[in-house]
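Working notes for the structure below.
The values are calculated or read from the model by the stated rules, or taken from the named source; none is laboratory data. The shown structure was predicted, so the numbers you read here are calculated from the model rather than taken from an experiment. Here Cβ is always computed from backbone atoms with ideal geometry, including for glycine, and neighbour counts include all displayed protein chains.
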Ligand SMILES: [Zn+2]
(Lines give C-alpha, C1' and ligand atoms only; values in the text may rest on other atoms or scores of the structure.)
Protein backbone atom coordinates (compact mmCIF):
# COMPACT_ATOMS: atom_id res chain seq x y z
CA UNK A 1 0.00 0.00 0.00
CA UNK A 2 1.40 3.37 -0.98
CA UNK A 3 1.44 5.99 1.72
CA UNK A 4 -0.15 9.18 0.37
CA UNK A 5 2.13 11.23 2.59
CA UNK A 6 5.14 10.14 0.52
CA UNK A 7 4.06 12.43 -2.26
CA UNK A 8 3.37 15.25 0.19
CA UNK A 9 -0.17 15.69 -1.14
CA UNK A 10 -3.61 14.67 0.08
CA UNK A 11 -5.00 11.76 -1.94
CA UNK A 12 -8.39 13.47 -2.25
CA UNK A 13 -7.84 17.21 -2.66
CA UNK A 14 -4.16 17.10 -3.77
CA UNK A 15 -3.15 19.89 -1.39
CA UNK A 16 0.03 19.78 0.65
CA UNK A 17 0.04 17.72 3.86
CA UNK A 18 2.78 17.54 6.45
CA UNK A 19 4.36 14.19 7.20
CA UNK A 20 3.05 14.17 10.79
CA UNK A 21 -0.56 14.83 9.75
CA UNK A 22 -3.09 12.02 10.10
CA UNK A 23 -5.88 14.04 8.51
CA UNK A 24 -5.83 16.53 5.67
CA UNK A 25 -6.00 20.11 6.97
CA UNK A 26 -8.15 21.19 4.01
CA UNK A 27 -10.66 18.44 3.27
CA UNK A 28 -10.44 16.38 6.48
CA UNK A 29 -9.67 13.09 4.74
CA UNK A 30 -7.90 10.40 6.71
CA UNK A 31 -4.40 10.01 5.32
CA UNK A 32 -3.65 6.47 6.45
CA UNK A 33 -7.03 4.68 6.40
CA UNK A 34 -9.20 4.59 3.32
CA UNK A 35 -12.87 3.72 2.74
CA UNK A 36 -13.66 0.08 1.93
CA UNK A 37 -14.79 0.96 -1.60
CA UNK A 38 -11.24 2.06 -2.48
CA UNK A 39 -9.71 -1.29 -1.46
CA UNK A 40 -9.16 -4.11 -3.96
CA UNK A 41 -11.88 -6.33 -2.47
CA UNK A 42 -14.34 -3.41 -2.37
CA UNK A 43 -13.73 -2.64 -6.03
CA UNK A 44 -14.26 -6.30 -6.97
CA UNK A 45 -17.45 -6.65 -4.89
CA UNK A 46 -18.90 -3.47 -6.37
CA UNK A 47 -17.89 -4.50 -9.89
CA UNK A 48 -19.54 -7.92 -9.78
CA UNK A 49 -22.59 -7.15 -7.61
CA UNK A 50 -23.52 -3.53 -8.13
CA UNK A 51 -21.75 -1.17 -10.50
CA UNK A 52 -20.20 -3.25 -13.26
CA UNK A 53 -17.73 -1.25 -15.35
CA UNK A 54 -18.78 1.96 -13.57
CA UNK A 55 -16.67 0.85 -10.60
CA UNK A 56 -13.65 1.91 -12.64
CA UNK A 57 -14.28 5.46 -11.45
CA UNK A 58 -13.66 4.29 -7.88
CA UNK A 59 -10.64 2.26 -8.91
CA UNK A 60 -9.01 5.24 -10.59
CA UNK A 61 -9.73 7.51 -7.59
CA UNK A 62 -8.39 4.97 -5.12
CA UNK A 63 -5.20 5.97 -3.27
CA UNK A 64 -4.58 2.31 -2.42
CA UNK A 65 -4.51 0.70 -5.86
CA UNK A 66 -1.36 0.98 -7.95
CA UNK A 67 -1.33 2.38 -11.48
CA UNK A 68 -0.64 -1.07 -12.97
CA UNK A 69 -3.61 -2.54 -11.11
CA UNK A 70 -5.82 0.31 -12.31
CA UNK A 71 -4.90 -0.48 -15.91
CA UNK A 72 -5.49 -4.18 -15.23
CA UNK A 73 -8.97 -3.40 -13.88
CA UNK A 74 -9.64 -1.21 -16.90
CA UNK A 75 -8.57 -3.94 -19.34
CA UNK A 76 -10.63 -6.54 -17.48
CA UNK A 77 -13.71 -4.30 -17.47
CA UNK A 78 -13.30 -3.58 -21.19
CA UNK A 79 -12.97 -7.29 -21.97
CA UNK A 80 -15.98 -8.23 -19.84
CA UNK A 81 -18.06 -5.43 -21.36
CA UNK A 82 -17.11 -6.58 -24.87
CA UNK A 83 -18.05 -10.19 -24.03
CA UNK A 84 -21.35 -9.06 -22.52
CA UNK A 85 -22.24 -6.99 -25.59
CA UNK A 86 -21.26 -9.80 -27.98
CA UNK A 87 -23.29 -12.28 -25.90
CA UNK A 88 -26.33 -10.02 -26.08
CA UNK A 89 -25.92 -9.74 -29.86
CA UNK A 90 -25.70 -13.55 -30.19
CA UNK A 91 -28.83 -14.03 -28.06
CA UNK A 92 -30.68 -11.42 -30.14
CA UNK A 93 -29.69 -13.15 -33.39
CA UNK A 94 -30.69 -16.56 -32.02
CA UNK A 95 -34.10 -15.28 -30.90
CA UNK A 96 -34.56 -13.39 -34.16
CA UNK A 97 -33.84 -16.53 -36.22
CA UNK A 98 -36.16 -18.60 -34.02
CA UNK A 99 -38.94 -16.03 -34.38
CA UNK A 100 -38.46 -15.90 -38.16
CA UNK A 101 -38.66 -19.72 -38.27
CA UNK A 102 -41.82 -19.72 -36.19
CA UNK A 103 -43.44 -17.23 -38.55
CA UNK A 104 -42.69 -19.63 -41.43
CA UNK A 105 -44.22 -22.53 -39.51
CA UNK A 106 -40.98 -24.19 -38.45
CA UNK A 107 -39.99 -25.14 -34.93
CA UNK A 108 -36.76 -23.51 -33.72
CA UNK A 109 -33.64 -25.69 -33.87
CA UNK A 110 -33.30 -27.86 -30.79
CA UNK A 111 -37.05 -28.35 -30.25
ZN1 LIG B 1 -7.35 16.86 1.38
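Residues of the stretch 4-11 include at least one that is surrounded by 13 or more Cβ atoms within 10 Å (Cβ to Cβ) and touching a strand residue (DSSP E or B) at 6+ places or on another chain (Cβ under 9 Å). Whether a residue is at pLDDT 90 or above, out of contact with any helix residue (DSSP H, G or I) (no Cβ under 6 Å at 6 or more places or on another chain) and near the ligand (Cβ under 10 Å from one of its atoms) was assessed, and residue 54 does not pass this test. Applying the condition of being exposed (fewer than 11 other Cβ atoms within 10 Å of the Cβ) and in contact with a helix residue (DSSP H, G or I) (Cβ under 9 Å, 6 or more places away or on another chain) to the stretch 66-109 and asking which residue is nearest to residue 43 (Cα to Cα) yields 109. With respect to the conditions (1) at pLDDT 90 or above; (2) under 20 Å from the mean Cα position of the chain (by Cα); (3) more than 16 Å from the ligand (Cβ to nearest atom), residue 34 falls short on a single one, namely (3). In the stretch 30-53, is there at least one residue being in a loop (DSSP other than H, G, I, E, B) and free of Cβ contacts under 8 Å to residues at least 12 places away in the same chain? Yes, because at least one residue in the stretch 30-53 is in a loop (DSSP other than H, G, I, E, B) and free of Cβ contacts under 8 Å to residues at least 12 places away in the same chain.
Among the residues of this structure, residue 77 counts as one that is under 9 Å from the mean Cα position of the chain (by Cα) and either in contact (Cβ under 8 Å) with a residue 40 or more places away in the chain or assigned to a helix (DSSP H, G or I) (or both). Scanning the stretch 12-26 for residues that are more than 7 Å from the ligand (Cβ to nearest atom) and either out of contact with any helix residue (DSSP H, G or I) (no Cβ under 7 Å at 6 or more places or on another chain) or touching a residue at least 60 places away in the same chain (Cβ under 8 Å) (or both) yields a count of 8.
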